[in-house]
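The values are calculated or read from the model by the stated rules, or taken from the named source; none is laboratory data. This is a predicted model, so every value here is computed, not measured. Heads up, the Cβs are rebuilt from the backbone with ideal geometry, glycines too, and the neighbour counts pull from every protein chain shown.
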Amino acid sequence: MAATVLHMSMSVDGFIAGPNVRPDNGLGDGGERLHEWFFADVPGSVNHAVGQEYRSSGAVIAGRATFEPAGGWGGDHHDGVPIFILSRHPKPDWAADWPLVSYMSDLDEIVRLARAAAGDQDIIVHGSSLAQRMIPAGLLDELQIHLIPVLLGDGLALFDHLGLPQRELELIWMREGEGGIAHLRYRIAH
């Protein structure tokens, strides 16, 4: 069965975006540094291999606050996989002609549909707010953290207000990537 996996690049001080996040500055000031590893994409590198695993997922679940500042990834996150957006709002007009994108308000239904669409492939989960809703509901299976060797000093924290008792994580694997990046994958104990 498909695992729901939060993929997140994060600074060593726990930020997933720099300060001053807004629709026209989705990663905040300096936040681009967190994703340089992914876009460098040097074949044969550890970072490339981790990126390829990411691109082999079968569906994407994201929050509106992640999807919209990213320009909706142009309507295709990767390889024509379905994209499910958790939102109380309808799909915006600028995304109306994107058949891969579905806006829905029921998180359980989104996860059910994403699992069906992904088959045996993982489901990418994007967004800290979304993850903070999925973990207490038992809907997030794994965390894949790409720990970037930088201190942003301020910004958007990954888990600001998780609101649940201590939860143990099981390390599935750890890979040292180029540029001092630590790629970590954990299973969440439910």
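Conditions: (1) in contact (Cβ under 8 Å) with a residue 24 or more places away in the chain; (2) surrounded by fewer than 20 Cβ atoms within 10 Å (Cβ to Cβ); (3) at positive phi. VAL21 meets all but one. Number of the miss?
(3)
Kindly check whether there is at least one residue in region 67-88 that is part of a helix (DSSP H, G or I) and under 15 Å from LEU6 (Cα atoms).
Looking only at region 67-88, we keep the residues that are part of a helix (DSSP H, G or I), and these are 67, 71-75.
This time we only want the ones that are under 15 Å from LEU6 (Cα atoms), so: 67.
The answer is yes; a qualifying residue exists.
May I ask you to verify whether HIS48 is in contact with an Asp or Glu (Cβ under 8 Å, 6 or more places away or on another chain), surrounded by fewer than 18 Cβ atoms within 10 Å (Cβ to Cβ) and assigned to a helix (DSSP H, G or I)? Steps first, please.
Details: in contact with an Asp or Glu (Cβ under 8 Å, 6 or more places away or on another chain): yes; surrounded by fewer than 18 Cβ atoms within 10 Å (Cβ to Cβ): yes; assigned to a helix (DSSP H, G or I): yes.
The answer is yes for HIS48.
Among the residues of region 117-124, are any assigned to a helix (DSSP H, G or I) and surrounded by fewer than 20 Cβ atoms within 10 Å (Cβ to Cβ)?
Here is the first cut: in region 117-124, the ones assigned to a helix (DSSP H, G or I) are 117-118.
Those left that are additionally surrounded by fewer than 20 Cβ atoms within 10 Å (Cβ to Cβ): 117.
Checking region 117-124: at least one residue is assigned to a helix (DSSP H, G or I) and surrounded by fewer than 20 Cβ atoms within 10 Å (Cβ to Cβ).
Would you confirm whether any residue within region 139-149 is closer than 21 Å to ASP120 by Cα, touching a helix residue (DSSP H, G or I) at 6+ places or on another chain (Cβ under 6 Å) and either in a loop (DSSP other than H, G, I, E, B) or modelled with pLDDT of 95 or more (or both)?
Taking region 139-149 and keeping what is closer than 21 Å to ASP120 by Cα, we get 139-144.
In the following step, the residues that additionally are touching a helix residue (DSSP H, G or I) at 6+ places or on another chain (Cβ under 6 Å) were identified as 139-140.
Restricting the remaining residues to those that are either in a loop (DSSP other than H, G, I, E, B) or modelled with pLDDT of 95 or more (or both) gives 139-140.
The answer is yes, given that some residue of region 139-149 is closer than 21 Å to ASP120 by Cα, touching a helix residue (DSSP H, G or I) at 6+ places or on another chain (Cβ under 6 Å) and either in a loop (DSSP other than H, G, I, E, B) or modelled with pLDDT of 95 or more (or both).
Evaluate region 126-134: report whether one residue or more is over 16 Å from GLY63 (Cα atoms) and either in contact (Cβ under 8 Å) with a residue 12 or more places away in the chain or touching a Cys at 6+ places or on another chain (Cβ under 7 Å) (or both). Please lay out each step first, then the result.
Narrowing region 126-134 to residues over 16 Å from GLY63 (Cα atoms): none.
So far as region 126-134 goes, no, none of its residues is over 16 Å from GLY63 (Cα atoms) and either in contact (Cβ under 8 Å) with a residue 12 or more places away in the chain or touching a Cys at 6+ places or on another chain (Cβ under 7 Å) (or both).
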